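The values are calculated or read from the model by the stated rules, or taken from the named source; none is laboratory data. Only a predicted model underlies this, so the values are computations on that prediction, with no experimental measurement involved. Positions of Cβ are backbone-derived with ideal geometry, glycine not excepted, and every protein chain shown enters the neighbour counts.
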Amino acid sequence: MFKKAERKKIKIRLALCGPSGSGKTYSALKIAHGIGGKIALVDTENESGSLYSHLCDYDTADIAPPFTTAKYIAAIKEAEAAGYDVLIIDSLTHAWNGQGGLLEEVDKRAKGGNSFAAWRDVTPQHNRLVDTILQCKMHVIVTMRSKTAYEIEKDERGKAVPVKKGMAPIQRDGLEYEFTVVLDLDNQKHVAEAGKDRTGLFDGKAFVPDETTGQEIIEWLESGAEPPKPRLTDIQRKKMFAMSKQAGMTVDGIKEHIHTTYNVDSSNDLTIDQAEDLISWLDDRISEQKQAAVQG
């Protein structure tokens with residue numbers, strides 16, 4: 001049952017939190033560029049994400065009000081299907097307290113002030129969004145606005161001045177704990193400090209995020225062990241052999257095809273992607289045979 005713990009290769013889940021003007025979008029793009037690969041940005045900030053096109057190459061998709069979780073989920077899945085390597089969600093805050101966000105949805109559903117019943121319906125929407133972020137096959141960087149407070153600090157001349165400080169992100173309490181790294185940005189010098197860091201790369205440091213930050217993250221991620229590849233379930237395997245029989249192939253014939261096409265000795269060794277490719281091939285073969293029978 002138990003086995004030696006080993007860190008596997010994973011996709012980063014990074015949150016950048018800060019008040020307005022702290023450089024969340026700019027920092028997210030810099031870090032994404034350092035991670036490398038194709039970058040997509042989901043923009044809820046009235047197309048402001050395109051203002052940084054000089055930093056690196058990336059594609060954008062705009063989400064307009066109402067900011068429903070369904071729109072976010074659809075954008076994430078579309079980016080994953082399109083083969084992007086890094087997805088920036090700018091910003092995740094709108095899904096919480098934006099127009100049509102979860103808080104507004106609770107207000108609509110609360111009958112007679114009974115918000116408890118409303119949360120019973122709305123919480124699953126929030127959970128689906130979080131699960132989609134955590135389970136997608138891309139590196140994900142989200143930005144979240146922080147509640148703002150002011151503290152009195154002394155400037156270079158020793159004069160006391162109010163300085164705007166970020167506090168907790170404007171999202172459901174505890175959401176930040178779902179991320180691998182949470183960086184809090186200030187709006188004065190755009191300096192980041194780790195509010196949470198499972199990598200150990202940024203703990204106790206104050207720095208301005210840039211491409212180097214992304215490079216450090218990807219090096220840490222790639223230093224993990226290869227994760228086990230998902231294998232076929234019994235149901236998938238039965239479906240595959242049923243289709244091969246329908247396609248007029250013998251058991252030995254499908255085994256030979258598997259060996260020559262995927263260089264494995266058994267269907268037990270197929271990955272999920274290989275099995276899906278095989279099923280698609282069988283489906284095409286069955287369709288061709290049906291079409292030939294009709295024409296004949």
Residues located in region 169-191, provided they are over 21 Å from the mean Cα position of the chain (by Cα) and either surrounded by 12 or more Cβ atoms within 10 Å (Cβ to Cβ) or not assigned by TED's automatic domain parsing to the domain that holds residue 102 (or both)
186, 187, 188, 190, 191
So, in region 18-37, how many residues would count as being modelled with pLDDT under 95 and either surrounded by fewer than 15 Cβ atoms within 10 Å (Cβ to Cβ) or closer than 21 Å to residue 133 by Cα (or both)?
3
Condition broken by residue 271, with the remaining ones in (1) at pLDDT 85 or above; (2) closer than 30 Å to residue 142 by Cβ satisfied
(1)
Considering every residue within region 49-56, establish whether at least one is in the same structural domain as residue 188 (by TED's automatic domain parsing) and surrounded by 22 or more Cβ atoms within 10 Å (Cβ to Cβ).
yes
Considering only residues of region 100-147 that are modelled with pLDDT under 95 and in contact with a strand residue (DSSP E or B) (Cβ under 6 Å, 6 or more places away or on another chain), which is farthest from residue 64 (Cα to Cα)?
147
Given 71, 24, which one is touching a Gly at 6+ places or on another chain (Cβ under 8 Å) and either closer than 24 Å to residue 169 by Cα or of a type in the set (Lys, Arg) (or both)?
24
Do you know which residues across region 251-296 are closer than 19 Å to residue 235 by Cα, more than 32 Å from the chain's Cα centre (by Cα) and of a type in the set (Val, Ile, Thr)?
251, 254, 258
Can you tell me how many residues within region 85-103 are more than 16 Å from the chain's Cα centre (by Cα) and not in a helix (DSSP H, G or I)?
4
